Amino acid sequence: MDISLRRRMGWLHEWGGLLFGWLLFPVFVTGTLAMFDTEITRWMQPEVHLVRGVAPTDEALDRVAERLRAVAARGESGSFILLPQPRDPSLRVLKYNGRAFMGDLVDPRDGRVLSVRQTIGGQFFFGFHFTLWLGPFWGAELVCYAALGMCITLISGIMLHLRQILPDFFTFRPAATATRWWLDMHVLMGIAVLPFHIMIACTGLTVAANAFPVRDLVDFVSARPPPAPVASSAPISEQSWAPTAPLGPLIRQAEALSGASVRYVLFSPGMATAYMENTGHLSLSNAWVTFDAHDGHLVSKSPPDGWVAKTNKLLNGLHLATNVTLGLRWLYFFGGICSTLMMGSGLVFYTAKRRAKLERGKSGPSAFLSIVEAINVGVVGGVPLACGAYLWANRLLPVALEHRSRDEVAAFFLVWGISFALGVLMVRSQPRHLVWICVLSLWAFLGLGLPFLDAATASVLRVGGIDRVLYASVDLTAFAFGCCALIGALRLGRRAA
């Protein structure tokens, strides 16, 4: 590569990685956790003990419809029902509150509302991944541009290391200097799952393409007409969003027409639309069947997809991984960890390299470097701490606390804010590595302590069978991360001694 071009690529990779990395690191941390958002939600609601594979009975659906009509009679906005899935055996009646879906859990056997603690659950990580918890418009826009920045940074990084990809893959020197160690970690994590990095960045642009005109083009080319207006003999005053027709026959008819199981049912004035799931496939399915919500007759169904719509669904499915198998979900989780380590190590390497130059006298004191170091502590150190605090808050807050889901989220942002305060202290402290030892020690405490906290609440002891495996998986994963953090803290302390 020409020297001047290499310098340009190096400048682009360095500054693009720094500026976009501060956004992408929390996006990837929460996106990695969101691979098991449903399982985390179930872990955060230990009161639920239901048998898997139980389809909702007509009695349960009728009772749900009664609740929906009562909600509509109070003048509240529409809700939808999420049917039991292999990953979640409960029947959920949900409503979007502007950031997350909240609502009741219902026993699919008899329609009884289950008494559970209020929590957003793993859905918080899913929502934060796509919107940074800033709302569906500005947050999604920001994440979309961050994904574009990741694509640019990846391209420049590939061009820088193109000739050395194979040697770099086998180059990791754990006993080297801190600067070299962080560089080796950054390059290794980038090369190890490079196809995953490229795939997740490009498909992420597709998912968040509402920030670009291409989404309008896709919608125009795939041309899916909206369902036809419902022709109903019901009076206008009765054309509310709540259904009056029995839901059980509607769901069975939708499954017979589409050849797939219904995932959720949306309600709008005079209509009930069942959306199908595509279990075991990478492609995201949004096939639908619409019925008259008052007399139950078929109104319309989704037409066959063209090649543009199929491609768009495949790209969305590759990123969201909603319907993939458990093994592939763990592979996505591992890829997300590698992406997170690549970004975190790159951010730390940026400051380590410049701090080494400063100590060798090759550059003068830099206020900008101090600011970057403080932000790195708040982002790289703070986001995992905040995620751990969110899980701890679920177990420590009183079960009957009003607005406890809001308080769980508040715990996340409180700990994250404290992490930035630690970063500011680091700028004024000597030696600076003490703050990183403190952060890693807190990581270790939250991770290693979570299984014991869970056991203290007796949630693991109250469940059995597959549910016990689910609870143990969450606890052991947290414990494993805690072990890694403890090893890192001990290693950093030994190097500094």
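What to note about this one:
- Residue count, the range 365-385 (criterion: under 11 Å from Leu347 (Cβ atoms) and open to solvent by 20 Å² or more (accessible area, probe 1.4 Å)): 1
- Phe452 vs. criteria closer than 25 Å to Leu341 by Cβ, modelled with pLDDT of 85 or more and assigned to a helix (DSSP H, G or I): no
- Count of the range 110-155 residues which are open to solvent by 40 Å² or more (accessible area, probe 1.4 Å), over 29 Å from Leu470 (Cβ atoms) and over 16 Å from the mean Cα position of the chain (by Cα): 6
- Subset tally (residues that are open to solvent by less than 50 Å² (accessible area, probe 1.4 Å), assigned to a strand (DSSP E or B) and either over 19 Å from Phe80 (Cα atoms) or of a type in the set (Ser, Thr, Tyr) (or both)) for the range 253-269: 1
- Filter pass, Gly78 being in contact with an Asp or Glu (Cβ under 7 Å, 6 or more places away or on another chain) and in contact (Cβ under 8 Å) with a residue 40 or more places away in the chain: no
- Flag for Met159 being modelled with pLDDT of 70 or more and open to solvent by 40 Å² or more (accessible area, probe 1.4 Å): yes
- Residue match in the range 17-39 (condition: among the small types (Gly, Ala, Ser) and surrounded by fewer than 18 Cβ atoms within 10 Å (Cβ to Cβ)): no
- Selection from the range 40-73 of residues that are modelled with pLDDT under 90, among the acidic types (Asp, Glu) and open to solvent by 70 Å² or more (accessible area, probe 1.4 Å): none
- Val48 vs. criteria closer than 30 Å to Pro269 by Cα and touching a residue at least 40 places away in the same chain (Cβ under 8 Å): no
- Residue list for the range 241-252, filter: in contact (Cβ under 8 Å) with a residue 60 or more places away in the chain, surrounded by fewer than 18 Cβ atoms within 10 Å (Cβ to Cβ) and aliphatic (A, V, I, L, M): none
- Of all residues making up the range 78-99, the number that are modelled with pLDDT under 85 and surrounded by 18 or more Cβ atoms within 10 Å (Cβ to Cβ): 2
- Scan of the range 386-407 for residues that are out of contact with any Leu (no Cβ under 7 Å at 6 or more places or on another chain) and not small (Gly, Ala, Ser), ordered by number: Tyr390, Asn394, Leu396, Leu397, Pro398, Val399, Leu401, Glu402, His403, Arg406
Conditions tested, residue by residue: (1) open to solvent by 30 Å² or more (accessible area, probe 1.4 Å); (2) modelled with pLDDT of 90 or more; (3) under 20 Å from Ile337 (Cβ atoms).
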{"position": "Ser405", "(1), (2), (3)": "no, yes, no"}
{"position": "Val409", "(1), (2), (3)": "no, yes, no"}
{"position": "Gly417", "(1), (2), (3)": "yes, yes, no"}
{"position": "Ser441", "(1), (2), (3)": "yes, yes, no"}
{"position": "Leu486", "(1), (2), (3)": "yes, yes, yes"}
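- Among residues of the range 294-313, those that are surrounded by fewer than 16 Cβ atoms within 10 Å (Cβ to Cβ) and assigned to a helix (DSSP H, G or I), counted: 4
The values are calculated or read from the model by the stated rules, or taken from the named source; none is laboratory data. Bear in mind that the values here come from a model prediction, so they are computed numbers and not experimental data. Positions of Cβ are backbone-derived with ideal geometry, glycine not excepted, and every protein chain shown enters the neighbour counts. SASA here: full protein model, heavy atoms, side chains in, ligands and nucleic acids out. Shrake-Rupley method; radii C 1.70, N 1.55, O 1.52, S 1.80 Å.
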